[in-house]
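Input: a single structure, listed below in structure tokens.
The values are calculated or read from the model by the stated rules, or taken from the named source; none is laboratory data. What you see is a predicted model; the values in this text were computed from it and never measured. Note that we place each Cβ from the backbone using ideal geometry, even for glycine, and neighbour counts take in every protein chain shown. Only protein heavy atoms, including side chains, enter the accessible area calculation; ligands, DNA and RNA are left aside. Shrake-Rupley method; radii C 1.70, N 1.55, O 1.52, S 1.80 Å.
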There are 2 protein chains.
Amino acid sequence: MADYLKMWQDLGMDVEMHNQLCEVLPQAFGDVYLTQKNRPEAMDYFNFVVAEIHGVRPVELIEHQKKGGKVFGTFCLYVPDEVVFAAGAIATGLCGGSQFWVPGGEKVLPVNTCPLIKASVGARLDRTCPFFRIADMFVGETTCDGKKKAYEILGEDVPMYVMNLPQMKRRKDILAWAEEIKDFIKVVEDFTGNKVTEESLADSIRLINAKRTALARLYDLRKNENIPISGKDVLVISQIAFYDDPTRFTEKVNKLCDELDQRVKDGVSVFPKGTKRILLTGTPLAIPNWKLHHIIETSGAAVVGEEMCTGIRYFEHPVDETATTIDGQAEALAERYMNINCACFTPNDKRIDDIIRLAKEYKADGVIDVNLKFCELYDTEGYKVERALKEAGIPILGIETDYTDSDAQQLSTRIGAFVEMLSK
Amino acid sequence: MADYLKMWQDLGMDVEMHNQLCEVLPQAFGDVYLTQKNRPEAMDYFNFVVAEIHGVRPVELIEHQKKGGKVFGTFCLYVPDEVVFAAGAIATGLCGGSQFWVPGGEKVLPVNTCPLIKASVGARLDRTCPFFRIADMFVGETTCDGKKKAYEILGEDVPMYVMNLPQMKRRKDILAWAEEIKDFIKVVEDFTGNKVTEESLADSIRLINAKRTALARLYDLRKNENIPISGKDVLVISQIAFYDDPTRFTEKVNKLCDELDQRVKDGVSVFPKGTKRILLTGTPLAIPNWKLHHIIETSGAAVVGEEMCTGIRYFEHPVDETATTIDGQAEALAERYMNINCACFTPNDKRIDDIIRLAKEYKADGVIDVNLKFCELYDTEGYKVERALKEAGIPILGIETDYTDSDAQQLSTRIGAFVEMLSK
């Protein structure tokens with residue numbers, strides 16, 4: 001990624017520190033991804049995006065800014081991208097998936113904070129993430145204690161707007177979320193100087209729905225007995241979904257799906273016959289966190305689905321496109337987003353229904369419940385999840401991990417034993 | 001507390017396990033409290049309440065139930081006691097302040113959960129707390145991730161109602177909380193079979209305001225240069241406030257204040273002249289958690305105030321008594337409760353203003369910011385609190401602790417050094 005040096009300098013990044021990351025990332029991607037056999041050709045695009053992760057998309061965002069456009073950085077899939085795009089702005093995910101950024105976060109946050117939050121804050125404060133440098137405004141949400149309070153500290157360094165996500169899902173909570181979305185529309189309008197109209201919002205709803213449809217098509221292909229693509233490859237696509245231009249991303253995912261359709265017709269699988277199928281559930285896996293997929297898929301199993309924010313939660317439930325007023329569209333958006341079953345809600349029993357349904361749909365032999373260390377929400381909910389799955393007769397393994405490699409050997413052993421158990 | 005054996009058996013308690021607690025509690029109270037010199041005579045009542053903590057009040061609650069009354073157990077000071085008393089029911093705090101209950105909570109909750117939550121859940125599941133056995137209904141709130149999710153597990157064992165506390169304090173959030181209070185009124189009416197009327201609610205608002213006024217009077221007395229009562233003694237009173245009959249409690253606190261008024265006139269202090277004055281801030285100290293006060297007050301300093309739920313947050317800001325309709329009263333209650341500056345809100349800068357104001361009012365020489373381990377909210381907010389106090393020139397010491405005694409020696413050393421530093 002050396003060609004982007006000037007851009008990084010112009011962005012005020014700590015180039016020297018950032019170089020350390022640039023040096024290790026290609027090696028990691030090579031080890032985890034490029035060693036796979038029989039990868040679909042259409043993965044080339046996604047390989048390229050990862051190889052240039054801090055270059056190619058940042059260039060586009062800066063181009064957009066040069067034309068007077070704004071960029072909004074977001075941390076969580078409850079913030080509706082549709083509103084941002086409807087105002088002619090761009091929404092982008094932010095860095096947060098590597099141990100590289102964690103020490104920077106620990107300078108201001110408690111060590112007992114989940115690595116995703118620590119890494120996000122560290123990436124910003126250490127000036128080693130171009131997306132954090134580029135974004136004109138940051139949009140947070142009250143999804144968990146850790147993020148909610150970390151935004152207060154981040155907000156001293158960046159322009160931060162926080163949306164108040166209700167903690168329950170009664171009708172009045174959905175309407176309250178619709179009100180928050182309408183408030184957000186005003187904020188985006190004021191900040192961009194562009195009006196969000198019924199037409200522009202309808203367009204952006206269709207834009208993001210198309211992305212969701214493409215991802216749903218990709219995930220559906222994993223339900224085949226012959227699995228035409230590895231879990232790892234789908235994971236990185238799900239991660240790129242947060243950053244990439246939505247039109248191009250959708251096109252590239254659909255192109256990949258065309259190739260995978262042919263593989264299904266031809267009975268091609270990237271895994272040997274009888275490979276055990278794993279559904280993951282739990283906390284998000286931000287790029288470049290590929291640790292667990294790598295361990296599972298080098299332990300004789302295949303990841304066939306992720307009931308995660310970097311996964312199925314991201315694309316299930318398209319937004320209803322029939323509303324024709326801003327009020328109606330805001331309500332349709334609220335209903336869609338409040339349909340995501342994050343552990344931040346109470347009660348959240350529908351997530352358990354989801355996991356059991358998805359385990360069947362994806363023909364999973366077992367489920368691994370992954371919790372990022374110090375995520376109190378998913379950790380506590382794991383008690384009910386694991387009990388419910390046992391009651392449903394679905395083998396389940398609960399795992400807690402962080403971004404370090406210190407537990408990789410131990411995880412390998414545990415996951416290997418779990419996969420072996422599934423084979424008996 | 002042996003006379004209550006039959007009652008505990010009838011409550012379905014694990015009497016054998018509970019006996020272990022009964023054996024150690026008097027010793028702990030004796031060591032921490034009864035060794036103090038020159039205690040106010042009116043502390044006798046509070047000594048008695050602690051000595052009989054699992055006996056005398058439970059007897060009254062059961063008497064109330066025998067007459068057809070209901071008992072509501074609460075975990076947090078955002079749940080408005082006024083509504084409960086207005087329906088002829090009784091609100092009571094629940095157990096949660098001892099390491100004794102922690103292992104029981106860890107059976108179902110992550111170890112990385114704050115000890116207060118683990119102890120509460122353990123006290124219920126292990127059947128070693130009479131209040132948890134007596135309460136007919138439990139009322140939770142969405143104040144933190146840990147409690148919010150723990151209530152889902154507790155709710156499988158007890159009838160649980162959870163109020164959705166907004167995470168911000170804009171006008172619409174205060175009105176949303178007023179709506180939650182009105183919903184709660186309906187729940188309490190349905191459950192008790194008693195109507196909450198304007199009159200009964202006005203009565204209960206006055207009842208609880210009188211308790212607040214008495215506590216404010218007690219705390220005001222600590223602002224004197226000659227401190228007429230120890231921090232420890234006030235702490236246990238603040239803890240008892242959550243359990244005791246409000247009318248009697250108010251009367252007893254006022255009686256104590258009469259005695260303390262005389263001490264002030266006579267220039268009597270329970271501390272030597274020049275003793276350094278400490279304001280505490282942070283997470284709640286539930287009964288029988290006296291650890292920190294004991295360490296501070298045996299390290300040559302005096303605790304003169306607690307910016308805590310077990311402290312000033314509990315009684316500051318009386319409810320406006322002028323409203324004459326249920327809607328108006330609910331709004332007055334919402335405004336009062338949303339005036340409490342818990343770290344669950346974002347932003348929560350008013351808490352920092354509070355701490356600086358209180359440090360001045362109570363003439364504190366220094367502030368100790370106490371965080372219960374794994375409380376992400378207060379831990380993260382501590383970063384801004386400690387920075388703001390340093391900027392204001394107020395010496396501050398940040399401490400993280402739990403319910404075990406394992407860090408007592410280390411805390412003594414750190415606090416001793418802090419107090420010594422204040423003396424220079």
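Side notes on the structure shown:
- Number of the exception - A:Thr197 against (1) within 12 Å of another protein chain (Cβ to nearest Cβ); (2) out of contact with any Leu (no Cβ under 9 Å at 6 or more places or on another chain): (1)
- A:Cys309 vs. criteria under 21 Å from the mean Cα position of the chain (by Cα) and either more than 13 Å from chain B (Cβ to nearest Cβ) or part of a helix (DSSP H, G or I) (or both): yes
- Candidates A:Lys118, A:Lys107 - the one that is open to solvent by 40 Å² or more (accessible area, probe 1.4 Å), basic (Lys, Arg), more than 25 Å from A:Asp349 (Cβ to Cβ) and without any contact (Cβ under 8 Å) to a residue 40 or more places away in the chain: A:Lys107
- For the range B:169-185, the count of residues that are touching a Phe, Trp or Tyr at 6+ places or on another chain (Cβ under 8 Å), on the phi < 0 side of the Ramachandran plot and not in a helix (DSSP H, G or I) is nonzero.
- Tally, over the range A:138-150, of residues that are within 7 Å of chain B (Cβ to nearest Cβ) and open to solvent by less than 20 Å² (accessible area, probe 1.4 Å): 6
- Of all residues in the range B:156-176, those being within 24 Å of B:Asp190 (Cα to Cα) and β-branched (Val, Ile, Thr) number 2.
- Scanning the range B:387-400 for residues that are in contact with a strand residue (DSSP E or B) (Cβ under 8 Å, 6 or more places away or on another chain) and within 11 Å of chain A (Cβ to nearest Cβ) yields a total of 2.
- Pick from the range A:395-412, criterion β-branched (Val, Ile, Thr) and part of a strand (DSSP E or B), ranking: nearest to B:Leu109 (Cα to Cα): A:Ile399
- When the range B:95-122 is filtered for residues that are among the polar types (S, T, N, Q) and either outside any helix (DSSP H, G or I) or touching a Gly at 6+ places or on another chain (Cβ under 6 Å) (or both), the ones remaining, listed by number, are B:Ser98, B:Asn112, B:Thr113, B:Ser120.
- Residue match in the range B:191-212 (condition: without any contact (Cβ under 8 Å) to a residue 60 or more places away in the chain, within 28 Å of B:Val49 (Cα to Cα) and within 19 Å of the chain's Cα centre (by Cα)): yes
- Flag if B:Lys252 is within 30 Å of B:Glu52 (Cβ to Cβ), buried (at least 16 other Cβ atoms within 10 Å of the Cβ) and among the basic types (Lys, Arg): yes
- For the range B:152-168, a tally of residues being at the interface with chain A (Cβ under 9 Å from one of its Cβ atoms) and part of a loop (DSSP other than H, G, I, E, B) returns 7.
- Considering residues of the range B:33-74 that are without any contact (Cβ under 8 Å) to a residue 24 or more places away in the chain and more than 30 Å from B:Gly193 (Cα to Cα) only, the residue surrounded by the most Cβ atoms within 10 Å (Cβ to Cβ): B:Asn47
- Residue match in the range A:75-85 (condition: on the phi < 0 side of the Ramachandran plot and free of Cβ contacts under 8 Å to residues at least 40 places away in the same chain): no
- Selected residue [open to solvent by less than 40 Å² (accessible area, probe 1.4 Å), in contact with a Cys (Cβ under 7 Å, 6 or more places away or on another chain) and at pLDDT 95 or above] from A:Leu235, A:Leu218: A:Leu218
- Of all residues in the range A:311-320, those satisfying the criterion of being open to solvent by 10 Å² or more (accessible area, probe 1.4 Å) and closer than 15 Å to A:Asp81 by Cβ are A:Arg313, A:Tyr314, A:Phe315, A:His317, A:Pro318.
- Scanning the range A:347-370 for residues that are open to solvent by less than 10 Å² (accessible area, probe 1.4 Å) and at the interface with another protein chain (Cβ under 9 Å from one of its Cβ atoms) yields one hit, A:Asn348.
- Qualifying residue in the range A:312-325 (condition: in a loop (DSSP other than H, G, I, E, B), under 23 Å from the mean Cα position of the chain (by Cα), on the phi > 0 side of the Ramachandran plot and modelled with pLDDT of 95 or more): yes
- Residue selected from the range B:334-346 under the condition more than 14 Å from chain A (Cβ to nearest Cβ) and part of a loop (DSSP other than H, G, I, E, B), by the criterion least open to solvent (accessible area, probe 1.4 Å): B:Ile340
- Residue count, the range B:123-137 (criterion: in a helix (DSSP H, G or I) and more than 14 Å from chain A (Cβ to nearest Cβ)): 7
- A single member of A:Ile237, A:Ile229 is aliphatic (A, V, I, L, M), in a loop (DSSP other than H, G, I, E, B) and away from every other protein chain (no Cβ under 14 Å), and it is A:Ile229.
- Residue within the range B:77-96 that is farther than 18 Å from B:Tyr161 by Cβ and of a type in the set (A, V, I, L, M, F, W, C) present: yes
- Residues of the range B:393-419 that turn out to be in contact (Cβ under 8 Å) with a residue 60 or more places away in the chain and either over 22 Å from B:Leu358 (Cβ atoms) or surrounded by fewer than 17 Cβ atoms within 10 Å (Cβ to Cβ) (or both), as a count: 8
- Residue in the range A:196-203 that is in a helix (DSSP H, G or I), open to solvent by less than 50 Å² (accessible area, probe 1.4 Å) and over 30 Å from B:Thr346 (Cα atoms) present: yes
- Segments classed as helices (runs of 4 or more DSSP H), wholly inside the range A:1-68, with at least 2 members that are more than 21 Å from the chain's Cα centre (by Cα): A:5-10, A:15-29, A:56-66
- When A:Asp379 is tested against (1) acidic (Asp, Glu); (2) closer than 15 Å to B:Lys149 by Cα; (3) surrounded by fewer than 21 Cβ atoms within 10 Å (Cβ to Cβ), just one condition goes unmet, and that condition is (3).
- The range B:347-388 - residue that is among the small types (Gly, Ala, Ser) and in contact with a Gly (Cβ under 8 Å, 6 or more places away or on another chain) and, of those, farthest from A:Glu152 (Cα to Cα): B:Ala364
- Which numbered condition B:Arg171 fails, given (1) charged (D, E, K, R); (2) under 27 Å from B:Lys67 (Cβ atoms); (3) free of Cβ contacts under 8 Å to residues at least 12 places away in the same chain: (2)
- Residue in the range A:76-83 that is open to solvent by 30 Å² or more (accessible area, probe 1.4 Å) and out of contact with any strand residue (DSSP E or B) (no Cβ under 6 Å at 6 or more places or on another chain) present: no
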